[in-house]
Ligand code: BGC
């Protein structure tokens, strides 16, 4: 049974009194503090443990329910071992904000009042699409869906609301944004990032950092948190597509495609960064000083805190076999540039061993000081010395209507209409609708992984107040017109990917009686390694269900609800309309229903290339040789770039016409700006939003050029017949690529500027 709210509040008020008595001076205090610290105290600051370690219960890996802090374990970690940071939730489930307040106040009370130097704990949590681990907070669409809005305001708002609500819990550090390039649909974490395009990811990532950290020059105020860019670098492109397996990425590719997102986030003030758990070019990134120090510190000038990923120093020894024991592993990682070890469970080994390494002279105390100084500075910037815990009572907008509206608006603008044969959508009121498929009646699938728990499997227990797709459609079109039958269901306790037929015949029978079949397919929730995949096709059972439903002759509206694009070529021709809702979270069902009813005009665009076949995976910025059939034979051949749907594809219920592409100047030099304008007209009969995408193509280059690259985008709203000129400015630098000497160059010659089907050629002299 949970402790009740009155009890929490009493504890909070008492704790608050303690802290006000313990105020510290600031700024140069970091140096003073550092000078007073013993080696053990310094090393403790570099260790991070998971919450269960300090909970009562028999094991370190789980805690009693309800969660109760084991004060002996807390003191062992924080007072005896001087541990400086804690992360994660307990027993892998979201907690209400008040319970977070209670936990944080107990932790900080021990850290501030019982340690020699009163250094507060830096608490970090993965609140990656809204308040992932706060039961009563606001959830937003995952980053992949925010990218589909092609409007950076949604990334900014999500970050701002999440920071605010995270602070309401008393937590000052968020392991977000994910800046991994989603260029491989097989990768199980594609939904966590902004899709395949480096420019979209850069723009959205910067907004996330700004929204999360705020713009205070002197620090991060109590409405904001420290962001954590992750996972540095090129985590999302293992050659196999399988999480945490080796990636081979030449340096010029790292620099041109993967680095810009991090570089821009650093330039916009992100204070922390988490390291790629994997292996690039044979070297575990956690042990790679070229990436962690030369590139990150010396070249990019990053001054913040570098945190390892989950137990990844251990993995240098236990998994990657580049260290023959923990001592070697710790030395490798600290030498490479890690500041905080997300040791999670066994922090004693990390701390004891690092002390020994310093005492033996294998690692200098100066090197330890560097990390500890960064960690203390962050704690200072977050105001933790003055105010170690923030409390829900000071955050009146927590779980407010405003934040819910932001989330709902983002879902509405993300949902992407991929096909709409004969204008089958929107659906008129009064029609008989069958809603079916394994994703039709599940809040779990709408939210995906990292929702109320790591794998998202507990979501349905927390989301009674929100609507599944079926519930939303039923509300929108009227209960008596809408029927639900699964046809196929996920086997919920098992692997995310396992499903089975469920009332198949009843579903077919109901389809016979319906005017429309809304078939909701996709994936169940997953995160990280459990989401690894052997086959990118949609499951056999779901394909079979679609085929059987198609035999009824009733129009199928295929709704895709998944973390990555699962191949649907076997059923695409059977569908009259296809609509991708990604992981649009708690308001995804409502948003879909509004769009199906025509109350909102869809305006999402694909932030990735939707592959047609599992063995023909391309990004839109592929090379000419990946499309040779088209060039040599005048037709596509097997294996050519022939996606199911292109990056940037997305239909509307209205039509837009582009005209009058103006480019000025036509001839340019290094450093020049180029103005580009296009006129857009809403030629249909409904108001609608349109994302204008500006591409460039380098016609010839010393490295085979990408066929095209997105350089700018802008979303506008137009009423029927409304005309607007949209202006962009790019510079020669925007047209550059990274050559094999790892230099950015904009080479002489022709470039094609393209918006819609309009093209103009400009020349670099
Ligand atoms: C993930 C990170 C996450 C960390 C802490 C790791 O397994 O890779 O993205 O921040 O766990 O939960």
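Between residue 739 and residue 370, the C-beta separation translates, for a Förster distance of 30 Å, into a calculated FRET efficiency of about 0.35. For the pair residue 670 and residue 503 in one chain, pulling the backbone fully straight at 0.36 nm per residue adds 53.6 nm over the alpha carbon distance.
What residues from region 683-706 fall in the zone where the backbone N is under 13 Å from a label point 7 Å along the Cα-to-C-beta line of residue 750? Counting backbone N atoms under 13 Å from the label point, the list is 697-701. With the simple model of a label 7 Å out from the Cα in the direction of the Cβ, residue 92 to residue 475 spans 3.1 nm. Using alpha-carbon positions, what is the distance between the centroids of region 465-492 and region 568-602, in Å? Rounded to whole Å, the Cα centres lie 14 Å apart.
On the beta carbon distance between residue 324 and residue 548, with R0 = 41 Å, the FRET formula returns roughly 0.10. Averaging the sequence gap over all C-alpha pairs within less than 8 Å and six or more residues apart, then dividing by the number of residues, gives the chain a relative contact order of 12 percent. With respect to the chain, whose longest principal axis is taken over its alpha-carbon atoms, helix 198-213 is tilted by about 40°. Averaging the sequence gap over all C-alpha pairs within less than 8 Å and six or more residues apart, then dividing by the number of residues, gives region 662-765 a relative contact order of 35 percent. How many percent of DSSP beta bridges within the chain run antiparallel, rounded to 5? So the antiparallel bridges in the chain amount to around 55 percent. Computed extension length for residue 245-residue 615: 131.3 nm, one decimal, from 0.36 nm per residue of separation with the Cα-Cα distance subtracted. Packing, as the average of other Cβ atoms within 10 Å across residues, places the peptides 262-274, 687-699, 181-193 in the order 181-193, 262-274, 687-699, highest first. In this rough spin-label picture, where each label sits 7 Å from Cα along the Cβ direction, the residue 515-residue 117 distance is 7.2 nm. Please give the helix 504-513 orientation as an angle from the longest Cα principal axis of the chain, in degrees from 0 to 90, rounded to the nearest 10. The angle comes out at about 50 degrees. In this rough spin-label picture, where each label sits 7 Å from Cα along the Cβ direction, the residue 60-residue 431 distance is 5.8 nm. Ordering of 301-308, 141-148 by packing is 141-148, 301-308, highest average first (other Cβ atoms within 10 Å, averaged per residue). Relative to the globular-protein estimate of 2.2 N^0.38 Å, the Cα radius of gyration of the chain stands at 0.97. If the segment from residue 268 to residue 719 were pulled out straight at 0.36 nm per residue, it would be longer than the present Cα-Cα gap by 158.8 nm. Relative contact order of region 37-394, taken over Cα pairs closer than 8 Å and 6 or more residues apart, is 18 percent.
If you take the Cα centroid of region 332-410 and the Cα centroid of region 251-275, the two points sit 20 Å apart.
Using the alpha-carbon atoms, what tilt in degrees (0 to 90, nearest 10) does helix 347-359 show relative to the longest principal axis of the chain? Taking the Cα atoms of the chain, the angle to 347-359 is about 60 degrees.
Just how far, in whole angstrom, is region 650-706 from region 25-72 if you go by their alpha carbon centroids? Using only Cα atoms, the two centres lie 53 Å from each other.
Only the coordinates and a few stated rules stand behind these numbers; no lab work does. What you see is a predicted model, and the numbers here were worked out from it, not measured in a lab. Heads up, the Cβs are rebuilt from the backbone with ideal geometry, glycines too, and the neighbour counts pull from every protein chain shown.
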